[in-house]
Amino acid sequence: YAWLAGATRAGTAYYDTIVPHTALMRELDATFVRNWQRDDTIRWQYFGTSAGAYRLFPAYRDVGGCAPGTYDPRFRPWYAASLTRAKNVVVVLDKSGSMRGSRMRHAIEAANTVL
């Protein structure tokens, strides 16, 4: 399964921001492989960051596509859709005695921010 690897790409303007994160993004491959093994309808998986880097799985050589360093996932439909779609969120607040006073106020404030 040597071909079962992802590739990290980014626009050249973002290299300084992204290089430190490439090792972390490479760790996504294990999750991508598990997803792929569990669901035979998956063909491609993408992970984009707000800094402009992305990880695609499985990796492929882009022949005749974007020039190196010019692709920015933030302008792709799959990235924009992930930001604009409705999300299901479950918020659980601890109401035990340890949450009295400011802790509960902070928890409620955080929950309201999420919602």
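Some notes on this structure:
- Per-pair calculated FRET efficiency, R0 = 35 Å: Thr41 and Glu109 via Cβ, rounded to 0.05: 0.30
- For Gln45, distant residues with modelled amide H under 5 Å away: Phe57
Where a number appears in this text, it was derived from the coordinates with a stated rule and is not lab data. All values derive from a computational prediction rather than experimental measurement. In this analysis, Cβ positions are derived from the backbone assuming ideal geometry, glycine residues included, and neighbour counts consider all displayed protein chains.
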